[in-house]
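Remarks on the structure that follows.
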């Protein structure tokens, strides 16, 4: 950590910011060189060119920073990086166009601007890939100090000891007075001075309060000193939300929702932007998928020899708990629920036809739901809609289950990417944790990330049944 203007800044983040600033200046000069054959026109002064280069680099750097690209680590993977870069470059292009309009003296030609942006995008992507390999993933992990050594602290220890990679490393655990200790002694830090002194000495980025009982006295004054000195202080639920991209239901309490500074809201721009994305991309997908849907319909008729319907219509629960009629290609036998009991699809379900098994693996059975998207009953991205029978049962047994209906159901969703197909109440509870994360953070950026990552899910058939 480097103290900069009174704040603690990760040194690696500062280094890559400086490298990219230099990269943007070089990209601009490359654009000038390609455009004018490595010689400036006579009407452009050298000093003006350097000033324009510095402004270009500054706007580019600020645009990347606005998209969180100088945070130590993000959770969206490579797809998220590409989406962030595209949005950041769009912001930079609009900002530069506005600057050129307001200050014609720093104007650069459209050809130079286009070339500079291309060189900048390629260079930024290459630099981050190389930097990640040289610096190593471990060095980019956030350093976390955990206040507590009991049951809640053990949940963090289980994450670091598990097989799944995490974006943080725990430098140690600080036990609270008169509390249980479940953490191994070699992970316990001896606190000789104040908590702030310990945080500085161990070079941490975040302090996580993982007390088992908050009614016992916490070192409020020491936590305040850490917060005011630039260290992030998080409660366990917020920390796990950030690391797991899920809202843990067993830790969730209404006050956390009430006092959340971000999330659980989507402005007018976000709502209309999401609907515009649904209409534009949904129409394009339906147009591209039309020949495939025709082939699926013909194959379904051949399989059943024309005796069974091609499409299957089912009542699902949508936004606000309102029922709607969902459309799918039929993938099960027509007598799949002859006894009238609603059942989740199981692994190797005997009710699924051979063609249906193929459609479920490739998600082709979901294509007719594009009609639901265009009709406004669904969105491209959102929690998957459930049947009324399941909703009634799950809402009774799982706290906060009805909150997933705050947004439109989707053709794909965050839970579908993060958790495999659910077939019981425990699976539904785990998926709800991811659905609540989506409800809190719903927006165009997250939608684009999910749509990009859904391509992998479709190609590899992850979670299909």
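Segment 345-418 and segment 165-222 have Cα centres spaced 41 Å apart. Distance between the 7 Å Cα→Cβ label points at residue 305 and residue 253: 6.5 nm. Between residue 180 and residue 160, the C-beta separation translates, for a Förster distance of 30 Å, into a calculated FRET efficiency of about 0.95.
Would you mind giving the average projected area, over all directions, of the Cα convex hull of segment 160-234 in nm² with one decimal?
On the way: hull surface 22.8 nm².
For the Cα atoms of segment 160-234, the hull's average projected area reads 5.7 nm².
In Å, the Kirkwood hydrodynamic radius of segment 272-323 over pairs of distinct alpha carbons?
Result for segment 272-323, one decimal place: 13.7 Å.
Quick one: which of 436-449, 298-311 comes out on top by average Cβ neighbours within 10 Å, and what's the full order, highest first? Present the calculation step by step, with values, prior to reporting the outcome.
Working: 436-449: 21.4, 298-311: 13.4.
Most protected by this proxy first, the peptides run 436-449, 298-311.
Starting from the coordinates of the alpha-carbon atoms of segment 268-460, obtain the Kirkwood hydrodynamic radius over all distinct pairs and give the value in Å to one decimal. Numbers along the way, then the final one.
Details: mean 1/r = 0.0577 Å⁻¹.
It works out to 17.3 Å.
Rank by packing, highest mean first: peptides 80-87, 189-196, with packing defined as the count of other Cβ atoms within 10 Å averaged across residues. If you can, show how the numbers build up before the last one.
Values: 80-87: 18.5, 189-196: 13.9.
Put in order of decreasing packing, that is 80-87, 189-196.
Please list 226-236, 265-275 highest first by mean number of surrounding beta-carbon atoms within 10 Å per residue. List each step's numbers first, then the result.
On the way: 226-236: 17.4, 265-275: 13.0.
The most tightly packed comes first, giving 226-236, 265-275.
By its C-alpha gyration tensor, with a ≥ b ≥ c as the square roots of the eigenvalues, how is segment 152-292 shaped: rounded for a/c under 1.5, else prolate for a/b larger than b/c, else oblate? Display every interim value, and only then the final one.
Values: a/c = 2.72, a/b = 2.16, b/c = 1.26.
Because a/c hits 1.5 or more and a/b exceeds b/c, segment 152-292 counts as prolate.
Each reported figure results from applying straightforward, stated rules to the coordinates on display, with no laboratory input. Source: prediction; values computed, not measured. Neighbour counts run over all protein chains shown; Cβ positions are idealised from the backbone, glycine included.
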